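Shown next, in structure tokens, is the structure this report addresses.
The values are calculated or read from the model by the stated rules, or taken from the named source; none is laboratory data. The structure presented is a predicted model; accordingly, all values stated were derived computationally and were not measured. As a convention, Cβ positions derive from the backbone with ideal geometry for all residues, glycine included, and neighbour counts pool all protein chains shown.
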Amino acid sequence: MSQTLAVMLRKSRSMYDELWMKQSRNGFGMEPKPAIADHHRLYWDALIAAVERQDFVELMAVAREAGRYQFLAGFELLDAIKRTVEATNMIEIALLEANANEIPPVEIVTELADLRMMIVIAVADGYNRAQMEASANPVDASSERLRAALNRNRSKHTTIDLQAGEEIGPLYDQGLRFYAIETGKLRLYNLLPNGRTITLSILSEGDIFFQWRAETASLSCVCAEAMQRSTVIGVSQKDLVELLGAQPAAAVDIMGNFARRLTESQVLIEDLMNSSINLRLYRTLLELARQFGRRDNGANSVLIDIPLTHQRLADMIGSNRVTVTRKLLDLQKRGVVGTRGSGSIAILDLAELDKLALRATE
């Protein structure tokens, strides 16, 4: 492609940016997120560099990533191609407006058409690659799709920033609320009528949970505690209906995530029916080691890298501090666990702890 086209494209950069921002405001009724705006500017810079250097590898990589994003956002392939064609149409409009005093010759228009076709093909390729990846890794793909769907309507949702130990308390003011973990880890727990709590699950980035209206006559309700600094996106019942109506693929992802929560609840119910404090303690320690564990200074032990008092462990398994202290002392004597500073617990023998949990189920 000619250097003349490269010069015209460079002159069109600010015009393209203006047109794209205007389209985004009109189409979505909101200012584009800085990250998305930066991506589009990167797209344009890659376009100019590709024409100047006659090297289109980087441009095609950016276009394929755009296709991947559109798949994760829940668009059908035809919709992704349509959106790409509309975006590339703006390239031509921006070029003509920015170079109004210099009408591009026919060969420039032809080169521009070829460039647009290359971009559309690369976007379709990126979309298809993402689709194949999703077939191989359905859990990871569903989390990304759900996150993309939430981010597209971020202004409608509530962003909750939590420090370690802060909580999302009972829901009293509405029928249902949906939450998605953006960053960090949360302990999902049930507040029991006797004032104790029991952990339902430990949630990580990409996980979701629901709260429903808590009756004031009963303290039994679902709450969440940040195990570390975390960010959570909250969606009201009304906005959730709109989200799922606009993005049906997100509904499937939510159902899959919620099904995993139900499976974890079934395991918990089995533990409670077994009435085994030992089993609940062993499984909780194993899960904490999996979620927060790191090798302890090159040793074979795994440090649970969060402050974990005996009272907090008791709250997590629906027991009391005295019982948990006694159980942990027994595990220490067996060489299964050890203590570290700042209230941290180290699992010295993960295999043995796993065996103890297995025996407790028998």
In this structure, does Ala50 turn out to be over 22 Å from the mean Cα position of the chain (by Cα), within 20 Å of Leu115 (Cα to Cα), surrounded by 15 or more Cβ atoms within 10 Å (Cβ to Cβ) and assigned by TED's automatic domain parsing to the domain that holds Val7? yes
Could you please let me know if Arg147 is in contact with a Gly (Cβ under 8 Å, 6 or more places away or on another chain), at pLDDT below 80 and over 27 Å from Leu72 (Cα atoms)? no
Out of Glu58, Glu97, report the one residue that is touching a Leu at 6+ places or on another chain (Cβ under 9 Å), surrounded by fewer than 20 Cβ atoms within 10 Å (Cβ to Cβ) and either among the hydrophobic types (A, V, I, L, M, F, W, C) or in the same structural domain as Lys11 (by TED's automatic domain parsing) (or both). Glu97
Would you please name the residue that is surrounded by the fewest Cβ atoms within 10 Å (Cβ to Cβ), looking only at residues in the stretch 321-353 that are closer than 16 Å to Ser301 by Cβ, among the aliphatic types (A, V, I, L, M) and without any contact (Cβ under 8 Å) to a residue 60 or more places away in the chain? Ala351
Which residue is nearest to Asp38 (Cα to Cα), if the candidates are limited to the stretch 53-80 and must be of a type outside the set (A, V, I, L, M) and over 26 Å from the mean Cα position of the chain (by Cα)? Glu58
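Residue by residue, here is whether (1) farther than 25 Å from Cys223 by Cβ; (2) touching a helix residue (DSSP H, G or I) at 6+ places or on another chain (Cβ under 7 Å); (3) modelled with pLDDT under 85; (4) not β-branched (Val, Ile, Thr) holds:
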{"position": "Asp253", "(1), (2), (3), (4)": "no, yes, yes, yes"}
{"position": "Ala259", "(1), (2), (3), (4)": "no, no, yes, yes"}
{"position": "Leu268", "(1), (2), (3), (4)": "no, no, yes, yes"}
{"position": "Asn297", "(1), (2), (3), (4)": "yes, no, yes, yes"}
{"position": "Asp330", "(1), (2), (3), (4)": "yes, no, no, yes"}
{"position": "Gly343", "(1), (2), (3), (4)": "no, no, yes, yes"}
{"position": "Thr361", "(1), (2), (3), (4)": "yes, yes, yes, no"}
